[in-house]
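Asks: Dropping a structure here in structure tokens format, bear with me for questions.
The values are calculated or read from the model by the stated rules, or taken from the named source; none is laboratory data. Values in this document were obtained by computation on a predicted structure and should not be read as measured data. Backbone-built Cβ (ideal geometry, glycine too); neighbour counts: all protein chains shown.
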Amino acid sequence: MKTAAIIDSHCHLDFPDYDQDREQVLENARKLGVRGFIVPGTTARRWPQIVKLCRRHADVFGALGLHPFFLDEHGMADLEKLGSCLENRKIIAVGEIGLDFMRSDLDPERQLCFFKMQLKLAAEQELPVILHCRKAHDTALKLLKRYPPKGGIAHAFNGSLQQAKAYIRLGFCLGFGGMLTYERSTRLRQLARQLPVESMVLETDAPGMSGTAHRGQRNSPEYLPEVLQTLAELKNLPVEDLARQTTTNVRCSLALPDAESGTGQNGQIDPPGGFQITP
Ligand SMILES: [Zn+2]
């Protein structure tokens, strides 16, 4: 299935799941129209792998952060290190960070502590954030108002329409992935129909969250066109238009450099050889 250029706004390509065929996965996805890959951070131990991937591939961008799932692995020293690691030009956001109150094994106070500290850091460095949030949207929104970042993406969004609108008011886009491809995801599909297309981005969250056609298998950015197709059907929009709009949305929400002018949102000039996300 060949489609217009799209960006996977959330794929964990640094994970060992891709150690055997990472280059092939990237190459296959590119052939299917995936022209940009955003790789969010999870633990400090894995950050170097993300930086390496960004250096190696012009179309891979990274976020660095401490994911709430791995709470026990994080320490205060990681937060100090994060500040200096963010100065890399291909690290375009702080993430993925947030709150997961669905997981009862994760201490909420400790989650809040790491989330707040990372939000402060994002605000200081004027970076957007990639947010992971489950059963904690109202708390997260309150904190985002207190420490407002330069927008970002609420990834795998699964809150209410009202919460979605609150994120949009804070300059966020909402990420939709494989869950949308399941017919039984009625609430999520309804939400996707209701939201303005200017606030939606596509993602896979690979290697997890596989869509209906790949249930139980490793997820991959190669399957992003299937999310695009589903969303186009739900919103009754031409696939090409939706591809173009969601690509623009990722570029704007994460301030990715504009491929044509060679300048980023803040007007910085790209280094020679630039970045290669082409429309
Ligand atoms: Zn993720």
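Asks: Out of the range 101-134, which residues are farther than 20 Å from G171 by Cα, of a type in the set (K, R) and either within 16 Å of the ligand (Cβ to nearest atom) or modelled with pLDDT under 95 (or both)?
Replies: Within the range 101-134, R103 is the sole residue that qualifies.
Asks: Using beta carbons and a limit of 8 Å, which pairs, at least six apart or on different chains, have the first residue in the range 89-111 and under 29 Å from L53 (Cβ atoms) and the second one among the hydroxyl-bearing types (S, T, Y) and within 14 Å of the ligand (Cβ to nearest atom)?
Replies: E96/T42
Asks: What single numbered condition from (1) of a type outside the set (K, R); (2) surrounded by 23 or more Cβ atoms within 10 Å (Cβ to Cβ); (3) not in a helix (DSSP H, G or I) fails to hold for S104?
Replies: Among (1) of a type outside the set (K, R); (2) surrounded by 23 or more Cβ atoms within 10 Å (Cβ to Cβ); (3) not in a helix (DSSP H, G or I), S104 violates only (2).
Asks: I'd like to verify a number: residues in the range 122-142 that are surrounded by fewer than 22 Cβ atoms within 10 Å (Cβ to Cβ), in a helix (DSSP H, G or I) and not charged (D, E, K, R), how many?
Replies: Total satisfying the criteria: 3.
Asks: Might you check whether a residue that is surrounded by 19 or more Cβ atoms within 10 Å (Cβ to Cβ), within 16 Å of the ligand (Cβ to nearest atom) and of a type in the set (V, I, T) occurs anywhere in the range 147-166?
Replies: Yes - at least one qualifying residue is present in the range 147-166.
Asks: Output the residue which, of all residues in the range 44-70 that are out of contact with any strand residue (DSSP E or B) (no Cβ under 8 Å at 6 or more places or on another chain) and within 15 Å of the ligand (Cβ to nearest atom), is farthest from D105 (Cα to Cα).
Replies: For the range 44-70, the residue satisfying everything is Q49.
Asks: Report, by residue number, each residue of the range 26-43 that is within 16 Å of the ligand (Cβ to nearest atom) and either crowded, with 19+ Cβ neighbours inside 10 Å or over 22 Å from G75 (Cα atoms) (or both).
Replies: Hits for the range 26-43 are F37, I38, V39, P40, G41, T42.
Asks: Taking the stated definitions as given, is A213 modelled with pLDDT under 95, assigned to a helix (DSSP H, G or I) and not polar (S, T, N, Q)?
Replies: Considered against the rule, which asks whether it is modelled with pLDDT under 95, assigned to a helix (DSSP H, G or I) and not polar (S, T, N, Q), A213 comes out as yes.
Asks: Further question: If you take the residues in the range 7-25 that are crowded, with 24+ Cβ neighbours inside 10 Å and of a type in the set (A, V, I, L, M), which one is nearest to the ligand (Cβ to nearest atom)?
Replies: Of everything passing the filter in the range 7-25, L13 is nearest to the ligand (Cβ to nearest atom).
Asks: If you don't mind, another one. Take the conditions closer than 25 Å to L99 by Cβ, more than 16 Å from the ligand (Cβ to nearest atom), touching a helix residue (DSSP H, G or I) at 6+ places or on another chain (Cβ under 6 Å) and not basic (K, R) and apply them to Q245. Does it pass?
Replies: When the stated conditions are applied, Q245 does not pass them.
Asks: Quick one: in the range 220-262, which of the residues that are part of a loop (DSSP other than H, G, I, E, B) and touching a residue at least 60 places away in the same chain (Cβ under 8 Å) is surrounded by the fewest Cβ atoms within 10 Å (Cβ to Cβ)?
Replies: Top of the filtered list is A255.
Asks: Can you find, within the range 82-100, the residue that is modelled with the lowest pLDDT among those that are part of a helix (DSSP H, G or I) and among the hydrophobic types (A, V, I, L, M, F, W, C)?
Replies: It comes out as C85.
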